[in-house]
Amino acid sequence: MSCVFCKIANGEIPSISVYEDESFKVIMDINPANLGHCLVICKEHYANIFEMPSELTAKAFAVAKKVAGAVKEATDCDGINILQNNGEIAGQTVFHFHIHILPRVEGDLVNIHFGGFNAEEDMIKQIAEDIKNKL
Ligand code: AMP
Ligand code: ZN
């Protein structure tokens, strides 16, 4: 298995860890977007959120919330983004489930931008129906 996060999870590759339990390891991002940027990594290999059992996803976000509180206190940041990318187009570069905990400070260089999509209200209502039908 050549997955970098599997190797980190089983200790084959070193990492700076801040939290660990039976299912997750939380490590400092090697290329942080801000000081305090960490990653909640699942110990088992799931490429993305869709491959994971929902109970484990729920636990992952509970760990993210707990660690985000500690990051907030440790960094005295102004806010925190909790991000989880699925698929290359969504910015995923490591195809092993992880959650970013990204502290934000006034004037930082992080750029998370939602470009406006020009949708008519009818289109929004239609896609809402399509989504409901898939649940
Ligand atoms: P994503 O783009 O959501 O897949 O995020 C992958 C993240 O993993 C990036 O922010 C990388 O900087 C980080 N990363 C990649 N390799 C390592 C590593 N060996 N240790 C810690 N973080 C890593
Ligand atoms: Zn993996």
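Computed values, structure above
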read-out	value
Values of log10 I(q)/I(0), in the order q = 0.10, 0.21 Å⁻¹, for the chain under a Debye, Cα-only, solvent-free model	-0.40, -1.27
Listed residue pairs exceeding 22 Å between alpha carbons, taken from Lys7/Lys66; Lys43/Lys65; Lys65/Lys132	Lys7/Lys66; Lys65/Lys132
Nearest-20 debye value, the chain charge dipole, Cβ charges on Lys, Arg, Asp, Glu	300 debye
Partner lysines for Lys72 [C-alpha distance under 21 Å; skip if fewer than 8 residues away on the same chain]	Lys25, Lys59
Residue with peak Gaussian network fluctuation, the chain [Cα springs, cutoff 10 Å], from Ala47, Ala62, Ala90	Ala90
Karplus-derived 3J(HN,Hα), 6.51/-1.76/1.60, for each residue of the range 83-92, Hz, glycine and proline x	10, 8, 9, 10, x, 4, 5, 8, x, 6
Principal-axis tilt of helix 121-134 within the chain, Cα atoms, nearest 10 degrees	60 degrees
Lysines whose Cα lies under 16 Å from that of Lys125, excluding same-chain neighbours fewer than 8 positions away	Lys134
Carbon and sulfur %, accessible surface of the range 4-134 computed with the full protein complex present, 1.4 Å	55 percent
By accessible area with a 1.4 Å probe, ligands and nucleic acids excluded, highest first: order of Ile112, Ile27	Ile112, Ile27
Accessible area expressed per residue, the range 4-134, with surrounding protein chains retained (probe 1.4 Å, Å²)	66 Å²
Extension gain, Asp130 back to Asn10 (0.36 nm per residue minus Cα-Cα distance, nm)	39.1 nm
Amide proton proximity set for Val18, modelled H, under 5 Å, gap of 5+	Val26, Ile27, Met28
Cys residues of the chain counted as unpaired, since no other Cys beta-carbon is under 4.7 Å	Cys38, Cys42, Cys77
Lys/Arg +1, Asp/Glu -1 at C-beta; the range 65-132 dipole; positive extreme among Thr75, Gln126, Gly87	Thr75
Efficiency of FRET between Met123 and Ile89 - r from beta-carbon atoms, R0 22 angstrom, step 0.05	0.60
Extension gain, Ser23 back to Glu44 (0.36 nm per residue minus Cα-Cα distance, nm)	6.8 nm
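The values are calculated or read from the model by the stated rules, or taken from the named source; none is laboratory data. Bear in mind the structure is a predicted one, so any value in this text is a computation, not a measurement. Neighbour counts run over all protein chains shown; Cβ positions are idealised from the backbone, glycine included. To get the accessible areas, we keep the full protein, side chains included, count just its heavy atoms, and leave off ligands, DNA and RNA. Shrake-Rupley method; radii C 1.70, N 1.55, O 1.52, S 1.80 Å.
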